[in-house]
Amino acid sequence: PLGQVLRSGQLNSQFLRSISYYRYPQCYKTGYGKGIEARVQASLDEEEEEHLKKNNLKPKDHSGRFRIPRVSLPDRFKEAVKNIASHENIKSIAENAKDLRNYLWSRRLPMENEKVREKAQKIAEELTMKDDVLLPFLSEEEAAKLQQRRDSIILNRLHYSVYHWEPIRYTRLKGLEYIIARSSGEYAALCRIFNEISKRDAEFKPKTLCDFGSGVGTVSWAARSYWSSSLVEHLCADVSWEMNELAELIFRGGNKNNDHSIPALFFRQHLPESYKIRYDLVVSAFSLMELPSAKDRLQTIDKLWNKTEQYLVVVEPGTKAGFRAIIEARDYILGLGSDSKRPRNCFVFSPCPHNKECPKFAFDTIPCNFEVKSRPIYPFHEDRSINDSFCYVVIRRGLNPDQGKWPRLVEDPLIRSGHVVCRLCTKDAKISEVVLTKAKHSLSMRVLAKRSVCGDLLPLNLQENTKDVPIEETEDDTEQKM
């Protein structure tokens, strides 16, 4: 039903309000949900404990650990960019890249027309209440001037209160700026996501890849670093033909006469309309926020999902706007908030350990984001590190094989004297806290938690307490503050 709505071009306000983005507008304005969280008891998963002992592994090497070290772009990619940039004013490009990076990080989703009208109506009502007292004493000419003044005030207030979203046109030079500004961080985020897929699903060997909003090709480069032996076909779709040409030139090592060594590499400006051809791995990386409306975003997600044979990966910046775009896509595919009661033949592979509404979005003011460290591509010979945050969702077709899902860390553990506090997203779609203490938990459990980071799964079995405990009143938190 949702797909039919989108393909028919009908997208009304009632449907938009059914997805989490519109159901919980307060989550970024108030502290709703703060103060009390479920404190739960935890025990180490027996199978994981046996796995660690059998393979003589340390607790820090548990199966839910997916942290990767600092990531650097492939040498072939860097050499190709060097060759291309040698014909350009690289210093000027690097300066512009700083501005582009800041602009992309501060970018928000475009406001829907309905929201703009609601805001304008609210301003008009405020002005009308003030002016109604004067109207009986004004002539028609004075009343007309008052209306003009009121319209001018409305437009002026809208100008300062509504985010003015504009599409970015990527030329060859803008593409080079993008490489310097974003390529290393995007590549690192994709490696982090693909690393988890390859570890948890070792049998997954994709043969075909579809990359929507492919840009300079970081998705293909990251995918080939994990599945180079199986990938034979890459479809890269980007509306900017200059970006497509730049991406292909990078694959060819910076020389258009070189071979790219990929059996089947295709560049398109738009996704194929046919749903008959599906791809093992479909990715939309940092592209949804470049679409002008919720309708366009959901239509795109609908197309991508219909082209997905196994995994769909959606990645956006780790900002509030990026998180909203991810939740919008996630809710649509899972059918959350829709009138459809039919079961969805899919499940969230990561990061969520559940298919329900996101508790982080509904009851927290901080987006569910994760961090990676990378080595920037420029200056070429400088060895330094930068941190980038990202939000993502991986959805897989089929039934979920993991019946008892482990919880995932949504923040780095708080390591205190005598105890460790872990904030977790659980299979029951709750944000819960586990406090591991010397008195109640083994050393291996505490070490396991200490050596994990935000984004890792903790091999714990959770048992919720009979009642929620105010965080600020617990003895452990008193120790934590000291």
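The values are calculated or read from the model by the stated rules, or taken from the named source; none is laboratory data. The structure displayed is predicted, hence computed values, not measured ones. We place every Cβ from the backbone using ideal geometry, glycine too, and count neighbours over all the protein chains shown.
The figures follow:
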read-out: In the stretch 415-449, the residues that are part of a strand (DSSP E or B), surrounded by 16 or more Cβ atoms within 10 Å (Cβ to Cβ) and among the aliphatic types (A, V, I, L, M); value: Val420, Val421, Leu424, Ile431, Val434, Val435, Leu436
read-out: Filter result (basic (Lys, Arg) and farther than 18 Å from Val314 by Cα) within the stretch 262-289; value: Arg268, Lys276
read-out: Residue match in the stretch 394-407 (condition: in a strand (DSSP E or B), of a type in the set (Lys, Arg) and either under 21 Å from the mean Cα position of the chain (by Cα) or under 17 Å from Tyr187 (Cα atoms) (or both)); value: yes
read-out: Boolean, Pro353 is farther than 26 Å from Lys205 by Cα and either modelled with pLDDT of 90 or more or touching a Lys or Arg at 6+ places or on another chain (Cβ under 7 Å) (or both); value: no
read-out: Test: residue in the stretch 271-284 that is closer than 21 Å to Leu104 by Cβ and assigned to a strand (DSSP E or B); value: yes
read-out: Qualifying residue in the stretch 246-255 (condition: among the basic types (Lys, Arg) and more than 18 Å from Val219 (Cβ to Cβ)); value: no
read-out: Test: Leu235 is closer than 22 Å to Tyr392 by Cβ, part of a loop (DSSP other than H, G, I, E, B) and not β-branched (Val, Ile, Thr); value: no
read-out: Residue list for the stretch 185-219, filter: among the aliphatic types (A, V, I, L, M) and in a loop (DSSP other than H, G, I, E, B); value: Ala202, Val216
read-out: Of residues in the stretch 254-283 being small (Gly, Ala, Ser) and within 21 Å of Leu190 (Cβ to Cβ), the one modelled with the lowest pLDDT; value: Ser261
read-out: Evaluation of Phe267 against (1) in a strand (DSSP E or B); (2) out of contact with any Cys (no Cβ under 9 Å at 6 or more places or on another chain) (one fails), failing number; value: (2)
read-out: Filtered residues of the stretch 228-259 (kept if surrounded by fewer than 14 Cβ atoms within 10 Å (Cβ to Cβ) and in contact with a Phe, Trp or Tyr (Cβ under 7 Å, 6 or more places away or on another chain)); value: none
read-out: Matching residues, the stretch 364-388, being under 23 Å from Asp456 (Cβ atoms), out of contact with any Pro (no Cβ under 9 Å at 6 or more places or on another chain), buried (at least 17 other Cβ atoms within 10 Å of the Cβ) and hydrophobic (A, V, I, L, M, F, W, C); value: Val372
read-out: Qualifying residue in the stretch 313-329 (condition: farther than 30 Å from Tyr178 by Cα and in contact with a helix residue (DSSP H, G or I) (Cβ under 9 Å, 6 or more places away or on another chain)); value: no
read-out: Qualifying residue in the stretch 17-33 (condition: surrounded by fewer than 14 Cβ atoms within 10 Å (Cβ to Cβ), outside any helix (DSSP H, G or I), modelled with pLDDT of 50 or more and assigned by TED's automatic domain parsing to the domain that holds Glu248); value: no
